[in-house]
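Q: I have a structure I would like to understand better, so I am pasting it below and will then ask my questions one at a time.
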Protein chains: 2
Amino acid sequence: MPSRLVPDIVVGRLPLYLRALSEMADEGKEITSSQELGERLGISSAQIRKDLSQFGEFGKQGTGYNIEYLASQLRRILKVDRIWEIALVGVGDLGRALAHYAGFLDRGFRIVALFDNDPAKVGTKVGDYVVQDIDNMVEDIRRRGIRVAMLAVPASVAQESAESLVEAGVQAILCYAPTSISVPEGVRVEYIDPVVHLQHMTYYLP
Amino acid sequence: MPSRLVPDIVVGRLPLYLRALSEMADEGKEITSSQELGERLGISSAQIRKDLSQFGEFGKQGTGYNIEYLASQLRRILKVDRIWEIALVGVGDLGRALAHYAGFLDRGFRIVALFDNDPAKVGTKVGDYVVQDIDNMVEDIRRRGIRVAMLAVPASVAQESAESLVEAGVQAILCYAPTSISVPEGVRVEYIDPVVHLQHMTYYLP
């Protein structure tokens, strides 16, 4: 397993490469180069070559990368050559937007279960699924073997929701609540917080 | 301006520190340490001390950091000791969720203008603001001097929307469209794409 040695920051760039390759394929391109990928992503071609070389030999010197082949290899490496079922916790505005988002399925994910604690929402249909009571969450997720979840709840209940997800066997949580949650070793958490990105940019504004 | 020399990856962590400090302040705490911050954020205390030392001397050896003071200094460094007006482009499910999101204002941002190209949406009120026709966008943003925008449009129109924003004088774009956009030198773009985070996590799932 050479992949165990790859720095996390490199792993984090692979989804960007895959997205750019998928765009190129949609545009009808068949071959690309680290230069072209780099221009599209704002990453140096040397960095891209170095990142990819950690996982194998994907292109021939001088002939570039076959887009379909490299994309399929990245899907395999990222384990999205399959569909991961996702549980979505919190069906407010954001949760609804995520439930309706069309961009998950062809990139390896499908939201298959929605949970909320609001009696007015439980039993209603959002997208293709009926919102379930959060009291049933642990049992339902465990029974279905769901391992990936998105947390779109207020910050005040993010920690307890995360603990329930972990209890249910979830191993990867994408947290939209603007707060840090703590989880046991072995559970991965990534955060999406627009303000973190906005503040990162305003630092540079004159 | 020593801050010009600070690596971007360090700058990118400052908003996380600020968010954790704000949480601690809300909890009634007054003093913290790099150890405590690090535990909350999953970042080593050595890294936090090193990052903060790039901007000055914020704590005394052995007494830790005064939370309010450090937070106020980070707000100043990130330039969120003021309110930035934001233009939001695209008022679908996600745009609506952002327009209703309560977490911007006390962290330096306020959405003040909404734009969409759908005649059925133009003129309707979302949150506190009336959706405007995207054809008026460049003029409106320029007149008001708005410099920060959020892009919540489909991938297919993200590039042209970004070009209009740049034409209008916007210098920082937070892009929710699942695609890469190219902008001139001097304009910052950050991306929010849930699938990129999900794929980053599935890499590690057994």
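The values are calculated or read from the model by the stated rules, or taken from the named source; none is laboratory data. In this text, all values refer to a predicted model and were calculated from it rather than measured experimentally. Note that we place each Cβ from the backbone using ideal geometry, even for glycine, and neighbour counts take in every protein chain shown.
Q: How many of the residues making up the range B:147-198 are surrounded by fewer than 23 Cβ atoms within 10 Å (Cβ to Cβ), of a type in the set (S, T, N, Q) and more than 9 Å from chain A (Cβ to nearest Cβ)?
A: Total meeting the criteria: 3.
Q: Anything in the range A:2-48 that is within 11 Å of chain B (Cβ to nearest Cβ), crowded, with 18+ Cβ neighbours inside 10 Å and among the polar types (S, T, N, Q)? List them, or say none.
A: A:Ser22
Q: Okay, next question. Could you go through the range A:35-53 and let me know if any residue there is farther than 24 Å from A:Arg147 by Cβ and assigned by TED's automatic domain parsing to the domain that holds A:Ala152.
A: So far as the range A:35-53 goes, no, none of its residues is farther than 24 Å from A:Arg147 by Cβ and assigned by TED's automatic domain parsing to the domain that holds A:Ala152.
Q: Another question, if that's okay. So B:Tyr69 clears everything in (1) touching a helix residue (DSSP H, G or I) at 6+ places or on another chain (Cβ under 8 Å); (2) among the hydroxyl-bearing types (Ser, Thr, Tyr); (3) free of Cβ contacts under 8 Å to residues at least 12 places away in the same chain except one condition, right? Which one?
A: Here B:Tyr69 meets the rest and fails (1).
Q: What do you reckon, is B:Ala87 within 21 Å of the chain's Cα centre (by Cα) and at the interface with another protein chain (Cβ under 10 Å from one of its Cβ atoms)?
A: Judged against the criteria, B:Ala87 is not a match.
Q: Take the residues in the range A:115-146 that are within 14 Å of chain B (Cβ to nearest Cβ) and within 23 Å of A:Gly169 (Cβ to Cβ), then tell me which one is farthest from the chain's Cα centre (by Cα). Give the steps one after another, and end with the answer.
A: First, the residues of the range A:115-146 that are within 14 Å of chain B (Cβ to nearest Cβ): A:126-127, A:145-146.
If we keep only those that are within 23 Å of A:Gly169 (Cβ to Cβ) as well, we get A:145-146.
Numbers: A:Gly145: 18, A:Ile146: 15 Å.
Applying the filter and picking the extreme gives A:Gly145.
Q: Taking the range B:78-96, which residues are modelled with pLDDT under 95 and either aromatic (Phe, Trp, Tyr) or surrounded by fewer than 20 Cβ atoms within 10 Å (Cβ to Cβ) (or both)?
A: Those that are modelled with pLDDT under 95 and either aromatic (Phe, Trp, Tyr) or surrounded by fewer than 20 Cβ atoms within 10 Å (Cβ to Cβ) (or both): B:Gly92, B:Asp93.
Q: Scan the range B:22-57 for residues that are touching a Phe, Trp or Tyr at 6+ places or on another chain (Cβ under 8 Å) and outside any strand (DSSP E or B) and jot them down.
A: Scanning the range B:22-57 gives B:Ser33, B:Ser34, B:Leu37, B:Leu41, B:Ile48, B:Asp51, B:Leu52.
Q: Same structure again: Checking A:Met201 against (1) aliphatic (A, V, I, L, M); (2) more than 7 Å from chain B (Cβ to nearest Cβ); (3) over 19 Å from A:Leu94 (Cβ atoms), only one condition comes out false. Which one?
A: (2)
Q: Considering the range B:4-51 alone, what residues qualify as being of a type in the set (Gly, Ala, Ser) and over 19 Å from A:Cys175 (Cα atoms)?
A: If the condition is that a residue be of a type in the set (Gly, Ala, Ser) and over 19 Å from A:Cys175 (Cα atoms), then B:Ala25, B:Gly28, B:Ser33, B:Ser34, B:Ser44, B:Ser45, B:Ala46 are the ones that fit.
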